[in-house]
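Peer 1: This structure is in structure tokens; I'll ask about it shortly.
The values are calculated or read from the model by the stated rules, or taken from the named source; none is laboratory data. Because the structure is predicted, anything quoted here is derived from the model rather than measured. Neighbour counts are summed over all protein chains in view; Cβ atoms, including those assigned to glycine, are modelled from backbone coordinates with ideal geometry. For accessibility, only protein heavy atoms count, side chains too; no ligands or nucleic acids. Shrake-Rupley method; radii C 1.70, N 1.55, O 1.52, S 1.80 Å.
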Amino acid sequence: QAQRGLRQGHRYLEEKKYAQALQEMKRAASADPKNSAAHMLLGVAQYWNGMVDESIASYREALRLQSDSAQAYLLLGISYAWKGDAPASEAAFRRAIELDPARADAQMNLGSIRETRNDVSEALERYRTTLRLIIEANGLRLAQVEPLISFEALDQATQGYQDETGQLTEVLLRLVAVQLALASTPQELAAASQGLAIVRRIIAEHGGNID
């Protein structure tokens, strides 16, 4: 019963039928209260229904049942970020990375939090890590990700890559923004500006739009 409800609820989430997903996840969590995944997915449904405080409670229950869930910590961090609680959000993202350092989404979210807290140096480090993880996960070839990245090399590495999730697009934009913020010489500013032009072309090739 609970597993069937989870499967149906997950389908509703994928179809963005959030009200139906919420009802299914409530039933699944009630039918199997010791199922960490049921509480975690209930939290997702609650989040998309605007019930952010309730989603936090559900994620915390999921973590009480399974304390090593990087996914639950990631989702918890997202809910805290929505509420504007940067310290709690950062702590959750850092724990997700401790549990699963290869999670590009956790690295990028932590970078975003550090950027909002004016730590652009760590933000850049996290965005570079995110980019490296995306490259590795998709079999792309890029020799190295320098502090001021060679966007020309990235342009070549991403030829033919389909950015279906939009994750590459987002991290590239964040990288350019941070590099522009860090530019302290005319040469660095020119390099970052050139990077922005290349990023625009990369995104356009993948069907995106940043205007």
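Peer 1: Can you find even one residue in region 69-77 that is surrounded by 16 or more Cβ atoms within 10 Å (Cβ to Cβ), modelled with pLDDT of 95 or more and farther than 25 Å from Glu136 by Cα? It would help to see each step written out before you state the result.
Peer 2: Residues of region 69-77 that are surrounded by 16 or more Cβ atoms within 10 Å (Cβ to Cβ), as a first pass: 69-77.
Next, from what is left, pick out any that are modelled with pLDDT of 95 or more: 69-77.
Within this subset, residues satisfying the condition of being farther than 25 Å from Glu136 by Cα are 76.
Taking every residue of region 69-77 in turn, at least one turns out to be surrounded by 16 or more Cβ atoms within 10 Å (Cβ to Cβ), modelled with pLDDT of 95 or more and farther than 25 Å from Glu136 by Cα.
Peer 1: Could you tell me whether region 99-117 includes any residue that is at pLDDT below 55 and basic (Lys, Arg)?
Peer 2: no
Peer 1: To continue, here is another question. Take Ala96 and tell me if it is open to solvent by 50 Å² or more (accessible area, probe 1.4 Å), at pLDDT 95 or above and aliphatic (A, V, I, L, M).
Peer 2: The answer is no for Ala96.
Peer 1: For residues that are open to solvent by 20 Å² or more (accessible area, probe 1.4 Å) and assigned to a helix (DSSP H, G or I), scanning just region 43-59, find the one that is nearest to Leu74 (Cα to Cα).
Peer 2: Of everything passing the filter in region 43-59, Val44 is nearest to Leu74 (Cα to Cα).
Peer 1: Further question on the same structure: Would you be able to say whether some residue in region 25-37 is out of contact with any Cys (no Cβ under 8 Å at 6 or more places or on another chain), closer than 21 Å to Phe93 by Cα and without any contact (Cβ under 8 Å) to a residue 60 or more places away in the chain?
Peer 2: So far as region 25-37 goes, yes, one or more of its residues are out of contact with any Cys (no Cβ under 8 Å at 6 or more places or on another chain), closer than 21 Å to Phe93 by Cα and without any contact (Cβ under 8 Å) to a residue 60 or more places away in the chain.
Peer 1: Out of the residues in region 78-93 meeting the condition of being of a type outside the set (Phe, Trp, Tyr) and open to solvent by less than 10 Å² (accessible area, probe 1.4 Å), tell me which one is farthest from Met40 (Cα to Cα).
Peer 2: For region 78-93, the residue satisfying everything is Ser89.
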